[in-house]
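First up is the structure itself, then whatever we jot down about it.
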């Protein structure tokens with residue numbers, strides 16, 4: 001068993017090498033280059049400085065990290081962050097990190113297959129195949145890292161859940177893996193884990209058969225224990241999502257609507273081409289209707305191999321496959337819509353779950369019921385299946401007919417080779433070929449779609465990028481620009497990226513910018529400056545920034561305590577030839593004149609001069625202490641007034657005046673503001689932010705830990721008493737015990 005586990009890991013390593021040979025930046029593209037690696041560097045630097053940044057007020061776009069995909073309470077993610085600042089090349093680091101998680105993913109699939117009774121050889125096939133399925137390879141691995149890491153942990157939770165049900169393992173592994181899947185701070189793995197647990201529970205109940213009626217208490221006890229372990233993990237992970245849930249009313253994702261649109265919803269028919277490497281499915285996405293990436297590809301052997309299953313033998317044991325089939329069916333239904341369910345959007349994101357379910361199902365069937373009896377008829381059936389694959393693929397993408405014909409020919413040749421090896425050399429030789437073929441296919445698929453349509457082409461070497469970037473001296477910088485104005489030639493360090501930032505690129509450069517990448521930003525701040533998720537703005541942002549805010553009469557630049565404004569010349573070509581706004585002047589930035597104008601304040605930086613006080617109306621206000629989460633101010637007002645802070649109005653603030661709680665409000669639905677009562681003299685005003693629901697979250701986490709500790713104590717006690725007989729032994733189906741044996 002361990003030998004084939006090692007082969008699983010080796011196969012994934014070889015596949016990753018092949019992908020990197022096809023595109024060295026494949027695992028450093030799109031959100032990985034623009035969002036995640038910047039967060040890794042930022043948090044790693046903060047940890048090394050002794051800080052745990054939950055809120056950074058001057059990072060207006062991304063500064064509430066309880067709302068971001070930061071994995072704040074996920075130990076492996078924190079380790080990734082801690083190491084990140086020491087690695088100068090982010091592409092290399094991202095690739096290594098993702099290789100580790102690909103191996104974790106593959107070994108998780110390997111475990112799941114074993115727990116359902118597959119031979120280790122076929123379990124290894126499924127394990128190697130999973131990281132190279134279409135959507136997982138081209139989106140989760142290449143771009144959406146939290147989806148990748150959450151999936152990795154969720155798969156292990158599946159294996160551990162089945163083992164716990166059968167008395168083969170304890171509750172701690174279930175708890176740990178579920179908690180890790182939840183705490184990556186990405187909602188999809190959490191919801192997918194719920195579906196997985198539901199499928200496992202239904203499969204268990206089906207397999208129990210008459211035992212539910214004969215001994216209901218004994219039959220349901222393992223399921224109750226699994227449910228308890230899952231609840232404990234959910235309680236422990238509540239702190240991950242509770243702050244964002246309680247902040248939803250002011251965020252971009254702040255609705256619970258269910259909408260159906262066609263964007264990234266995948267018709268079920270597109271899953272019929274899951275075994276042709278050249279499949280280019282037809283559904284609506286950023287690139288139109290026919291996709292430039294093999295999103296629905298799963299594995300070259302998956303569909304043709306169905307012809308070599310002894311279906312009569314498998315039918316006698318159908319109960320054992322209910323959980324796997326139900327999970328795959330739920331994933332298939334989800335991929336087709338609805339398009340948005342609250343924070344869950346773009347159903348194509350669930351394609352890896354469909355791939356997971358089908359890989360486990362097929363490889364377990366092959367691992368238990370593969371046969372070469374009546375070989376000629378089975379080969380004919382496999383050829384018919386390949387023909388059906390080709391017809392579906394050609395129908396979706398008729399322009400690449402020659403490639404599709406060649407792809408079908410390769411699948412046929414590989415299949416015949418696997419059949420010959422299985423007949424003459426045995427299962428191990430056949431599965432070795434199946435695995436080996438995945439490596440060049442992965443290389444071909446990545447090579448074929450170059451240049452990838454997803455890449456931002458941000459610099460990967462932080463040392464070189466920091467050396468080339470302008471040497472701004474302290475303060476808070478706001479950039480007004482539009483990434484859509486970049487031309488292909490601009491996307492390099494010698495071009496625009498030597499002067500301008502988008503997404504979290506400023507964090508790579510260790511620069512203090514307002515700008516950042518956020519999938520869940522503050523709605524009203526975004527509207528105020530018409531700033532989008534990647535920090536691009538509309539042309540009117542310049543006027544808005546230096547126009548008076550109606551309530552205070554101050555400019556937004558003053559209320560935000562901005563020290564420097566960088567203007568993209570492509571967006572504001574004449575700005576530098578016009579008079580600067582009052583109190584500002586244009587400065588020369590040698591070597592960067594092609595891309596930017598730079599405005600700085602006449603009297604030097606103002607951020608930090610008087611804490612985060614943006615405006616004091618009819619109030620004398622002096623900062624006496626300032627941290628990221630707290631502002632302490634000495635205030636005096638004879639007639640009453642208002643203090644407006646350079647703090648974004650996220651839920652979670654509490655305000656006291658001389659220790660007594662007083663109300664606060666927001667200016668323009670953005671800035672935290674406090675009304676000071678008349679007659680206030682030399683009083684201490686304290687504005688403090690904590691993640692909303694943090695006390696509930698900490699209490700829930702403590703309860704979850706206590707709960708899993710109790711479950712572990714019960715598990716150990718039962719084992720010592722010899723009362724831990726697997727549930728499989730209580731079932732009517734005698735083969736259930738075999739399935740749980742990890743043979």
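The values are calculated or read from the model by the stated rules, or taken from the named source; none is laboratory data. These numbers were taken from a predicted model, which means no experiment stands behind them. Positions of Cβ are backbone-derived with ideal geometry, glycine not excepted, and every protein chain shown enters the neighbour counts.
Key figures for this structure:
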quantity: Residue under evaluation residue 275, criteria (1) assigned to a loop (DSSP other than H, G, I, E, B); (2) in contact with a helix residue (DSSP H, G or I) (Cβ under 7 Å, 6 or more places away or on another chain); (3) under 26 Å from residue 31 (Cβ atoms), criterion not met; calculated: (3)
quantity: Positions within segment 1-47 being modelled with pLDDT of 95 or more and outside any helix (DSSP H, G or I), in sequence order; calculated: 23, 24, 25, 26, 27, 28, 29, 30
quantity: Qualifying residue in segment 455-472 (condition: within 30 Å of residue 556 (Cβ to Cβ), at pLDDT below 95 and not in a helix (DSSP H, G or I)); calculated: yes
quantity: In segment 663-688, the residues that are more than 20 Å from residue 552 (Cα to Cα) and either within 39 Å of the chain's Cα centre (by Cα) or surrounded by 16 or more Cβ atoms within 10 Å (Cβ to Cβ) (or both); calculated: 680, 683, 686, 688
quantity: Residue within segment 632-645 that is buried (at least 19 other Cβ atoms within 10 Å of the Cβ) and assigned to a loop (DSSP other than H, G, I, E, B) present; calculated: no
quantity: Test result for residue 62, within 30 Å of residue 563 (Cβ to Cβ), in a loop (DSSP other than H, G, I, E, B), assigned by TED's automatic domain parsing to the domain that holds residue 112 and touching a residue at least 24 places away in the same chain (Cβ under 8 Å); calculated: yes
quantity: Flag for residue 711 being modelled with pLDDT of 95 or more, within 30 Å of residue 319 (Cβ to Cβ) and assigned to a helix (DSSP H, G or I); calculated: yes
quantity: Given (1) in contact with a strand residue (DSSP E or B) (Cβ under 9 Å, 6 or more places away or on another chain); (2) part of a helix (DSSP H, G or I), index of the condition residue 433 fails; calculated: (1)
quantity: Test for residue 372: is it outside any helix (DSSP H, G or I), surrounded by fewer than 22 Cβ atoms within 10 Å (Cβ to Cβ) and in contact with a helix residue (DSSP H, G or I) (Cβ under 7 Å, 6 or more places away or on another chain); calculated: yes
quantity: Per-region count, segment 71-82, residues outside any helix (DSSP H, G or I) and either on the phi > 0 side of the Ramachandran plot or surrounded by fewer than 24 Cβ atoms within 10 Å (Cβ to Cβ) (or both); calculated: 3
quantity: Residue under evaluation residue 502, criteria (1) outside any loop (DSSP other than H, G, I, E, B); (2) surrounded by 18 or more Cβ atoms within 10 Å (Cβ to Cβ), criterion not met; calculated: (1)
quantity: Test result for residue 512, assigned by TED's automatic domain parsing to the domain that holds residue 586, farther than 19 Å from residue 542 by Cβ, touching a strand residue (DSSP E or B) at 6+ places or on another chain (Cβ under 7 Å) and touching a residue at least 40 places away in the same chain (Cβ under 8 Å); calculated: yes
quantity: Residue list for segment 515-557, restricted to those being without any contact (Cβ under 8 Å) to a residue 60 or more places away in the chain, part of a loop (DSSP other than H, G, I, E, B) and surrounded by fewer than 21 Cβ atoms within 10 Å (Cβ to Cβ); calculated: 530, 532, 538, 539, 540, 547, 553
quantity: Residue within segment 152-167 that is in a helix (DSSP H, G or I), touching a helix residue (DSSP H, G or I) at 6+ places or on another chain (Cβ under 8 Å) and under 26 Å from residue 277 (Cβ atoms) present; calculated: yes
quantity: Near pairs, Cβ below 6 angstrom, 6+ apart or cross-chain, from segment 165-193 (under 27 Å from residue 718 (Cα atoms)) to any residue that is at pLDDT below 95 and in a loop (DSSP other than H, G, I, E, B); calculated: 166/726; 166/740; 167/724; 167/726; 168/740
quantity: Selection count where residues are free of Cβ contacts under 8 Å to residues at least 60 places away in the same chain, out of contact with any strand residue (DSSP E or B) (no Cβ under 9 Å at 6 or more places or on another chain) and more than 30 Å from residue 624 (Cα to Cα), scope segment 592-610; calculated: 1
quantity: The listed residue being closer than 23 Å to residue 114 by Cβ and assigned to a loop (DSSP other than H, G, I, E, B), out of 313, 299, 305, 323; calculated: 299
quantity: Condition check for residue 705: touching a helix residue (DSSP H, G or I) at 6+ places or on another chain (Cβ under 7 Å), surrounded by fewer than 16 Cβ atoms within 10 Å (Cβ to Cβ), modelled with pLDDT of 95 or more and more than 24 Å from residue 612 (Cβ to Cβ); calculated: yes
